[in-house]
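Let me begin by presenting the structure, written as structure tokens, before commenting on it.
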Amino acid sequence: MKILVVGSGAREDAICQSLRKSDRYNDVFCAPGNAGMRLFGVQTVGIGELEFEKLANFAIENDIVYTIVGPEQPLVEGIVDYFQDRDLKIFGPNKEAALIEGSKTFAKDLMKKANVPTAFYEEFTDLGQALEYVETKDQFPIVIKANGLASGKGVFIIKDMGEAIDVLNQLLTDHKFKTDKVIIEEYLDGEEFSLMAFVNGESFYPMPIAQDYKRAYDGDKGLNTGGMGAICPVQNIDCDVVYQSYKDVLKPFVKAMNKYGVNYTGVLYAGLILTKDGIKVIEFNVRFGDPETEVVLPRLKSDLSKVILGLLNNEDIDDITWKDQGVDLGVFVASKGYPTEPIIGKTIGPKSQFQNQQLKINFAGVSESNNELVTNGGRLYVVKTHANTLQNAQDKIYSYLDTVDQTNVFFRRDIGKNAY
């Protein structure tokens with residue numbers, strides 16, 4: 001099959017590599033992709049992820065069987081509707097369903113209707129009213145979230161009133177992330193994990209749970225990022241909790257989507273937390289998670305291209321099989337200054353240094369110059385491996401990372417720490 005993947009990050013690279021592992025040959029293209037992807041055989045196409053007409057024309061002209069959308073923005077802006085209007089197969093939710101990620105208030109309302117447990121919250125568009133509400137709080141921390149898309153950086157854990165004033169001014173006065181509405185909610189304390197599922201209508205097929213590490217620095221210090229690494233499976237979350245997540249979160253939410261006319265086909269991502277009061281939802285996203293995808297898809301034994309084609313053809317999927325042994329670990333290398341002001345255009349080394357046969361690498365914010373890869377974004381690439389134990393996985397990855405030039409990059413050295 002000829003398959004087009006839309007996006008340019010490590011998540012899309014991981015999707016492409018999984019599609020290329022098919023037991024029947026797949027010709028995989030990625031638009032726009034990045035320079036690093038080409039080191040491992042992905043064919044990149046110079047079309048932006050929001051250039052819907054050009055993407056659709058490419059699909060028609062190249063006999064693409066179906067398209068997979070990686071990032072959230074094209075989904076929220078209606079790429080699925082555009083392709084479907086031209087009778088093109090595309091895997092992802094339509095514009096209405098993508099509001100689950102595009103509008104936190106929409107998602108919260110749907111969770112309420114589904115009786116899915118989540119944090120208590122209030123929403124505000126007026127700065128004065130938001131500040132008055134925070135002043136009534138007698139206990140910190142609290143959480144402030146930008147209502148729209150913010151690439152994983154729109155969630156703020158607020159420790160005191162001064163920090164609340166600063167963040168609310170950023171969001172409602174300066175409109176950081178183009179925000180015009182905020183969610184203020186209770187802080188949930190517990191063990192976080194991510195649950196993704198393939199969804200088509202009322203049918204859903206869960207993937208193994210993963211755990212990502214949002215904070216920039218070791219020990220969960222620093223600002224929130226798009227994710228500095230991930231592990232799968234999550235050894236400190238037991239099977240009963242996972243089953244409860246299916247029963248109390250995925251099943252009622254998928255049922256509510258259908259009941260209230262949200263037509264959903266694609267990957268549904270649930271960011272969950274196990275609190276002293278049980279499982280609660282932190283957020284829902286409408287696509288493969290990043291960096292979770294990079295450690296989950298390598299565990300897939302079934303043919304990803306057949307699974308997605310079956311979902312698009314409204315077929316019942318008999319069996320999706322996953323590896324049940326060992327651990328998959330991924331560590332992101334980021335440009336210095338990330339997540340606020342990552343340095344751009346700086347070398348991260350010759351292309352040859354990334355062709356290590358013992359490890360897998362998925363590339364994100366990189367470009368090419370004089371046979372070297374250079375920084376072109378915040379998160380640059382994720383180094384990942386499969387090993388029998390977490391310690392073995394960490395030893396492999398960090399032994400390799402100790403050999404790379406760290407002048408312009410940084411990474412966390414404690415990814416997987418919760419799983420001991």
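The values are calculated or read from the model by the stated rules, or taken from the named source; none is laboratory data. What you see is a predicted model, and the numbers here were worked out from it, not measured in a lab. We place every Cβ from the backbone using ideal geometry, glycine too, and count neighbours over all the protein chains shown.
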field: Hits in segment 263-280 - residues which are of a type in the set (A, V, I, L, M), under 30 Å from LYS306 (Cβ atoms) and out of contact with any helix residue (DSSP H, G or I) (no Cβ under 7 Å at 6 or more places or on another chain)
entry: VAL267, LEU268
- request: Check GLU122, GLU101 and return the single one that is outside any loop (DSSP other than H, G, I, E, B), in contact (Cβ under 8 Å) with a residue 60 or more places away in the chain and either hydroxyl-bearing (Ser, Thr, Tyr) or over 18 Å from MET257 (Cα atoms) (or both).
  value: GLU122
message: Testing VAL143 on (1) exposed (fewer than 14 other Cβ atoms within 10 Å of the Cβ); (2) in contact with a strand residue (DSSP E or B) (Cβ under 7 Å, 6 or more places away or on another chain), one condition comes back false. Which one is that?
response: (1)
task: Filter segment 15-35 down to the residues that are of a type in the set (A, V, I, L, M) and in contact (Cβ under 8 Å) with a residue 40 or more places away in the chain, then identify the one that is farthest from LYS2 (Cα to Cα).
output: ALA35
field: Only listed residue being under 25 Å from VAL69 (Cβ atoms) and at pLDDT 95 or above, chosen from ALA197, ALA216
entry: ALA197
field: Filter result for LYS221 (within 21 Å of the chain's Cα centre (by Cα) and free of Cβ contacts under 8 Å to residues at least 12 places away in the same chain)
entry: yes
message: Among the residues of segment 232-245, are any at pLDDT 95 or above, surrounded by 16 or more Cβ atoms within 10 Å (Cβ to Cβ) and more than 29 Å from ILE397 (Cα to Cα)?
response: yes
Given (1) in a helix (DSSP H, G or I); (2) within 16 Å of ALA270 (Cβ to Cβ), index of the condition VAL116 fails: (1)
message: Can you find a residue that is farther than 30 Å from LEU373 by Cα, over 14 Å from the mean Cα position of the chain (by Cα) and surrounded by fewer than 22 Cβ atoms within 10 Å (Cβ to Cβ) anywhere in segment 288-301?
response: yes
query: Within the set of pairs 6 or more residues apart or between chains, which connect a residue that is free of Cβ contacts under 8 Å to residues at least 12 places away in the same chain inside segment 362-384 to a residue that is in a strand (DSSP E or B) with Cβ atoms less than 9 Å apart?
result: ASN370/THR347
- request: Look through segment 43-72, keep the residues that are in a strand (DSSP E or B) and in contact with a helix residue (DSSP H, G or I) (Cβ under 7 Å, 6 or more places away or on another chain), and return whichever of them is surrounded by the fewest Cβ atoms within 10 Å (Cβ to Cβ).
  value: THR44
- prompt: Counting only residues that are touching a Pro at 6+ places or on another chain (Cβ under 9 Å) and crowded, with 20+ Cβ neighbours inside 10 Å, which one in segment 102-122 is farthest from VAL143 (Cα to Cα)?
  reply: ALA114
message: Within segment 166-181, take every residue that is assigned to a loop (DSSP other than H, G, I, E, B) and in contact (Cβ under 8 Å) with a residue 24 or more places away in the chain and give me the one that is nearest to LYS214 (Cα to Cα).
response: THR179
task: Tell me which of these TRP322 doesn't satisfy, since it passes every other one: (1) within 21 Å of ALA35 (Cα to Cα); (2) of a type outside the set (Asp, Glu); (3) at pLDDT 95 or above.
output: (1)
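Against the condition in contact with a helix residue (DSSP H, G or I) (Cβ under 9 Å, 6 or more places away or on another chain), in a loop (DSSP other than H, G, I, E, B) and surrounded by fewer than 20 Cβ atoms within 10 Å (Cβ to Cβ), how does LEU39 come out, does it pass? First the steps, then the outcome.
On the way: in contact with a helix residue (DSSP H, G or I) (Cβ under 9 Å, 6 or more places away or on another chain): yes; in a loop (DSSP other than H, G, I, E, B): no; surrounded by fewer than 20 Cβ atoms within 10 Å (Cβ to Cβ): yes.
Here the answer is no, as LEU39 does not meet what is asked.
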query: Which members of segment 123-140 meet the condition of being aliphatic (A, V, I, L, M) and either surrounded by fewer than 16 Cβ atoms within 10 Å (Cβ to Cβ) or in contact with a Lys or Arg (Cβ under 7 Å, 6 or more places away or on another chain) (or both)?
result: LEU127
query: Which is farther than 22 Å from LYS280 by Cα and in contact with a helix residue (DSSP H, G or I) (Cβ under 9 Å, 6 or more places away or on another chain), of ALA130, ALA197, ALA150?
result: ALA130
query: From the set of residues in segment 373-395 that are within 30 Å of GLY190 (Cβ to Cβ) and out of contact with any helix residue (DSSP H, G or I) (no Cβ under 8 Å at 6 or more places or on another chain), which is surrounded by the most Cβ atoms within 10 Å (Cβ to Cβ)?
result: ALA393
message: Just to be sure I understand the filter: pairs with C-beta atoms under 8 Å, separated by 6 or more residues or on different chains, first member in segment 148-165 and under 14 Å from GLY222 (Cβ atoms) and in a loop (DSSP other than H, G, I, E, B), second member among the hydroxyl-bearing types (Ser, Thr, Tyr) and modelled with pLDDT of 75 or more. Which pairs pass?
response: GLY152/THR225; LYS153/THR225
Residues (within 30 Å of LEU274 (Cα to Cα) and crowded, with 23+ Cβ neighbours inside 10 Å) located in segment 73-96: LEU75, GLY92, PRO93
